[in-house]
Amino acid sequence: MSDKFPAPARVSLEDVAHHAGVSTATVSRVLNGSTSVKAASRQAVERACEELGYVINRAARTLASRRSMTIGAVVPTLATETFSRPLAAFQQKIHQSGYTLLLANSDFDPDTELKEVNKLIEYGIDALMLVGNSHHPRLRERINQLGIPCIQTFSVDAGHPSIGYDNEQAAAEITSHLLGLGHKQFAVIVGTPPSNDRVSDRITGTREALSAAGLMLAEENLINSAFTMNDARQAMFRLLDGPVPPTAVICGNDLLAFGAMRAAAERYLRIPNDISITGFNDYEYAEHLEHPLTTMRVELDQIGLLAADYLLATLNDQPAPRQTLLKPELIVRGSTGSPPRQPR
């Protein structure tokens with residue numbers, strides 16, 4: 001008598017269809033990520049797969065359908081809400097259509113981004129999400145060569161499918177708010193590696209708004225190498241000890257603004273009586289700080305959802321807008337006010 005156990009019977013597509021009470025065609029559409037299946041039928045198929053232990057033969061399916069059911073995304077960093085929040089929304093949306101997210105981090109380096117995209121392509125991704133419009137010159141060539149659907153996020157580019165907002169306009173709006181309060185001595189704390197076109201555009205918007213008011217941003221008051229909260233804290237100390245101490249500091253995101261606030265508090269400066277500080281993105285904690293933060297609210301979740309919608313529609317040969325321009329909203333809170341009457 002053999003001591004080997006009989007191999008378990010492999011669950012078939014027909015078994016799943018019978019268990020779910022739907023046709024095999026419906027099961028196939030669900031497993032292939034089609035968006036045309038009703039939610040109730042999709043849930044029934046997913047439940048049947050789980051209860052029966054149905055496992056997709058991914059290699060065979062990829063050969064048959066020429067799809068891996070994976071979508072790639074390359075972002076500059078996962079250290080802030082700027083990218084983690086849209087990615088969470090993006091992943092949830094594509095997961096509902098049967099796709100898996102393959103994620104890579106470029107650390108704001110175009111060469112690294114190109115390498116990561118090439119790796120994702122080697123894994124057979126069906127579509128790709130990128131950030132910004134500054135990339136390695138060969139990256140677009142590679143994507144176009146293979147015909148992979150690709151969506152650019154956080155900046156709008158007429159030449160490519162994209163979802164974003166006008167960074168220059170957003171920065172000008174923050175600057176105009178501070179100008180309206182009476183500020184004349186400005187500083188900017190950001191991190192601007194070569195690939196961060198979004199922040200570069202915001203610096204341009206700030207300079208243009210100041211120029212229109214007959215002012216300028218002193219070169220020593222532009223600190224463009226701050227990427228962490230402590231970087232911003234140290235940057236603030238430099239500004240306060242510099243030749244032109246600012247009364248208004250514009251930060252590249254809310255995390256940097258928090259670091260600047262900590263430095264101001266350590267120098268016993270009152271916010272906003274002595275100094276005004278602004279952020280960008282409206283992170284979840286921004287309104288709960290000791291001095292609630294004035295910032296530009298960007299619908300980060302919406303960026304992820306719209307990017308997923310575009311790629312899913314394109315993969316299913318459905319129409320989708322090539323460009324979507326979002327409008328950030330200025331949220332005025334307690335971290336900004338009129339400049340001090342007497343110079344410090």
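Testing the spin-label approximation: label points 7 Å from Cα along Cα→Cβ at residue 316 and residue 145. State their distance in nm.
Distance between the two pseudo-spin positions: 3.2 nm.
Given the Cα-Cα distance of residue 14 and residue 158 and 0.36 nm per residue of separation, how much length would full extension add, in nm?
Numbers: separation 144, 0.36 × 144 = 51.84 nm, distance 4.67 nm.
Result for the pair: 47.2 nm of gain on full extension.
Could you calculate the contour length gain from residue 88 to residue 138, that is, 0.36 nm times the residue separation minus the distance between their Cα atoms, to one decimal place in nm? List each step's numbers first, then the result.
Values: separation 50, 0.36 × 50 = 18.00 nm, distance 2.83 nm.
So the extension gain works out to 15.2 nm.
Just to be sure I understand: of the beta bridges DSSP finds with both ends in region 235-344, what percent are antiparallel, rounded to 5?
Taking every DSSP beta bridge with both residues in region 235-344, the antiparallel ones total about 40 percent.
Which residues among region 250-293 fall inside the zone where the amide N is under 12 Å from a point 7 Å beyond the Cα of residue 301, along Cα→Cβ?
Taking a point 7 Å out along Cα→Cβ of residue 301, the residues of region 250-293 whose backbone N falls under 12 Å are 284.
In deg cm²/dmol, rounded to 500, what helix-only [θ] at 222 nm does the chain give when every DSSP H run of at least 4 residues adds -39500 (n - 2.57) and the total is split over its residues?
Details: 12 runs with 148 residues, N = 344.
The per-residue figure over the chain is -13500 deg cm²/dmol.
When only Cα pairs under 8 Å and 6 or more residues apart are kept, what is the percent relative contact order across region 167-297?
Relative CO of region 167-297 lands at 25 percent.
What FRET efficiency comes out for residue 100 versus residue 181 if R0 is 51 angstrom and r is the Cβ-Cβ distance? Round to the nearest 0.05.
Approximately 0.55, to the nearest 0.05.
Using DSSP, restrict attention to beta bridges with both residues in region 167-297 and report what percent are antiparallel, rounded to the nearest 5.
Once the DSSP bridges in region 167-297 are tallied, antiparallel ones form about 10 percent.
Give me the extension gain from residue 225 to residue 50: residue separation times 0.36 nm, minus the current Cα-Cα distance, reported in nm with one decimal.
The residue 225-residue 50 span can extend by a further 58.1 nm.
For a Förster distance of 25 Å, can you work out the FRET efficiency between the beta-carbons of residue 211 and residue 338, rounded to the nearest 0.05?
Step by step, r from the Cβ atoms, then E = 0.70.
Would you please classify the overall shape of the chain from the alpha carbon gyration tensor, given that a ≥ b ≥ c denote the square roots of the eigenvalues, rounded means a/c under 1.5, and beyond that prolate means a/b larger than b/c while oblate covers the rest?
Numbers: a/c = 2.74, a/b = 2.44, b/c = 1.12.
It is prolate, given that a/c is not under 1.5 and a/b is the larger ratio.
Please tell me which of these pairs span more than 30 angstrom C-alpha to C-alpha: 184/327; 93/115; 93/327; 38/327?
Values: 184/327 27 Å; 93/115 26 Å; 93/327 22 Å; 38/327 33 Å.
Cα-Cα > 30 Å for 38/327; rest within.
Suppose each label sits 7 Å from its Cα in the direction of the beta carbon; what would the residue 241-residue 273 distance come out to in nanometres?
2.6 nm
Residue farthest toward the positive end of the dipole of the chain, with Cβ of Lys/Arg at +1 and Asp/Glu at -1: which of 49, 276, 312?
Of the options given, the answer is 49.
Laboratory data are not the source of any read-out in this text; all were calculated from the coordinates shown. This structure is a prediction, so every number in the text was calculated from the model and none was measured. Here Cβ is always computed from backbone atoms with ideal geometry, including for glycine, and neighbour counts include all displayed protein chains.
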